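The values are calculated or read from the model by the stated rules, or taken from the named source; none is laboratory data. Just so it is clear, the model here is predicted, and its values are computed rather than measured. A quick note on method: Cβ atoms are made from the backbone with ideal geometry, for glycine too, and the neighbour counts reach across all protein chains shown.
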């Protein structure tokens, strides 16, 4: 069975990402075609990149990096839940991605963005980042608007069609995650 991580890409106090991440996790867990984990960046407390060697070397010296490496390496596929801050993803998510390299390679990823423009620009930035770490990103994506999928910009109440969008994205991510196992072997 494919191991899928739903990664909450915000560590900001009062963030909307936790509610979105839990929603995506619950939808994925009901499917039965993947073992689904919820990975919250807040739990790893990663400082600004502080490893002395480049990630490609995998010569980590810090316990937080070793724990993060172990977590990411254990999954076949990822769904990145990203806010859109200033037309991009969060600094915390970009930093967490940059800590590692080989642990990401030849796996699949999908995206759930949220923001005033649905998080579309954050997702597009992440697509470029994925190519640099050899992750195959899928076409289907979920874009949640602060105007229509949140009440008062803070209470997550996704529109009914959003669950179908999540399912379509998961179809692709899980399928690719399984297929890329052969590449990693």
May I ask you to verify whether residue 143 is assigned to a helix (DSSP H, G or I) and either out of contact with any strand residue (DSSP E or B) (no Cβ under 6 Å at 6 or more places or on another chain) or modelled with pLDDT of 95 or more (or both)? no
Tell me, please, whether a residue that is under 15 Å from the mean Cα position of the chain (by Cα), surrounded by 15 or more Cβ atoms within 10 Å (Cβ to Cβ), closer than 18 Å to residue 76 by Cα and touching a residue at least 40 places away in the same chain (Cβ under 8 Å) can be found in segment 137-154. no
Can you pull out every residue in segment 1-49 that is over 23 Å from residue 116 (Cα atoms), touching a residue at least 40 places away in the same chain (Cβ under 8 Å) and under 12 Å from the mean Cα position of the chain (by Cα)? 4, 5
